[in-house]
Amino acid sequence: MFRRACFVMACVAALTLEVYAQEAQSRLVGGVTDFVVRPGDTLRNVSARFGLEVAALARENSMRTDARLAAGQVLRIDNRHIVPTATDSVELVVNVPQRMLFHRGADSSTLGYPIAVGRPGWPTPTGDFTVTVLERHPTWEVPRSILEESRRAGRIQPPVVPPGPNNPLGDFWIGLSLAGIGIHATNAPASIFQTASHGCIRVHPDDIAQLFNRVEVGTSGRIIYEPVLLAVVGDAIYLEVHRDVYRRTGAGAGAVARTLAAAGGVSERVDWVAADAVAAAADGLARIVTASPPAH
């Protein structure tokens, strides 16, 4: 089977993370919590595990992006993300610039998982799909294009990689009806929440078993490209802005946010100074941009 795969980065220690589930209508996953650093943890692998940018994690904790972590140190984690509206019509949604995968369960609860997607020169395609294959301990049959890339770079790449620690697919493969694209584990967990693959979708080793057990052959899905998301949660309005990694949107994030707010009928409830700041920062997290009520 043809499978696009992703280059291997340094393997890091897996971290424990509770994947927060909210009711689908809440439109948020993730939360604000404290995390106790373990031996060997770095800002890179902690940010990959929780689904946030290194710069955002460092800023949240008033440290430099090259800061070293000490075991026992407590980090404040804010990894709130908006659930795309596409989950209303399909069970499995991948939002490429958001670098998040969402699964809506039978009970309408939605789980969110940080992922790695295709790098700009080898983008993850968008479109509807169904799950076609579920395979544990897969063998990687290396595509000819990747073999050729390795040859040009002077590397020797075996055409077949058996299951094991050197297999970039990890222990789980979820094949999709989109040609050559799958969702899989990885032996490079620090690459999660990056644009790093050859088009496939990597899931952290600590998440993939849960996701694998939630889907089945025939599960419906959609890969979308939405760098700007807006949601109303109770009385609060959240805006989440990511970099336009494939340079596809054309319009600026602020303009897209205004279009989304107008479509949702909430333009008058948005603090547009705050929203424009969120758009400019593009830090990839859901931020509250609700306007304060007028004083009486």
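The values are calculated or read from the model by the stated rules, or taken from the named source; none is laboratory data. All figures in this text were calculated on a predicted structure; none of them were measured in a lab. Note: ideal-geometry Cβ built from the backbone for every residue, glycine included; neighbour counts use all protein chains shown. Surface accessibility is based on the protein's heavy atoms, side chains included, excluding ligands, DNA and RNA. Shrake-Rupley method; radii C 1.70, N 1.55, O 1.52, S 1.80 Å.
Here are the numbers for this structure:
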{"read-out": "In sequence order, calculated HN-Hα J values of region 101-112 (Karplus, 6.51, -1.76, 1.60; Hz; x Gly/Pro)", "value": "10, 10, 10, 9, x, 4, 8, 6, 6, 10, 9, x"}
{"read-out": "Cα pair distances of region 136-187 binned at 10 Å [whole percent]", "value": "25, 50, 24, 1"}
{"read-out": "Selection from 217, 232, 122, by position along the positive dipole direction of region 119-257 (Cβ)", "value": "122"}
{"read-out": "Spin-label pair residue 235/residue 291, simplified geometry with 7 Å Cα→Cβ offset, distance in nm", "value": "1.6"}
{"read-out": "Dipole magnitude (debye, nearest 20) for the chain, charges at Cβ of Lys, Arg, Asp, Glu", "value": "940"}
{"read-out": "Per residue accessible area in Å² of the chain, where ligands, DNA and RNA are left out and the probe is 1.4 Å", "value": "44"}
{"read-out": "Interchain or long-range residues, amide H under 5 Å from residue 270's placed H", "value": "291"}
{"read-out": "Degrees separating the helix 253-263 axis from the principal Cα axis of the chain, which is the longest one", "value": "70"}
{"read-out": "Residue range of the chain that is longest and free of GluC sites (Glu not before Pro) which are both DSSP loop and sparsely packed (at most 16 other C-beta within 10 Å)", "value": "19-215"}
{"read-out": "Chain lengthening between residue 144 and residue 216 when straightened (0.36 nm per residue, less Cα-Cα)", "value": "23.0 nm"}
{"read-out": "Beta bridges by DSSP in the chain, antiparallel share as percent, to the nearest 5", "value": "85"}
{"read-out": "For region 174-240 versus region 60-109, the gap between their alpha-carbon centres in whole angstrom", "value": "10"}
{"read-out": "Accessible area of the chain belonging to carbon and sulfur atoms, whole % at 1.4 Å probe", "value": "53"}
{"read-out": "Shape category assigned to the chain from the gyration tensor of Cα positions, a/c cut at 1.5", "value": "prolate"}
{"read-out": "At most 13 other Cβ within 10 Å, DSSP loop - trypsin sites (Lys or Arg not before Pro), region 45-153", "value": "64, 68"}
{"read-out": "Dipole magnitude (debye, nearest 20) for region 172-296, charges at Cβ of Lys, Arg, Asp, Glu", "value": "320"}
{"read-out": "Surface accessible to a 1.4 Å probe, residue 63 within the full protein complex, Å²", "value": "40"}
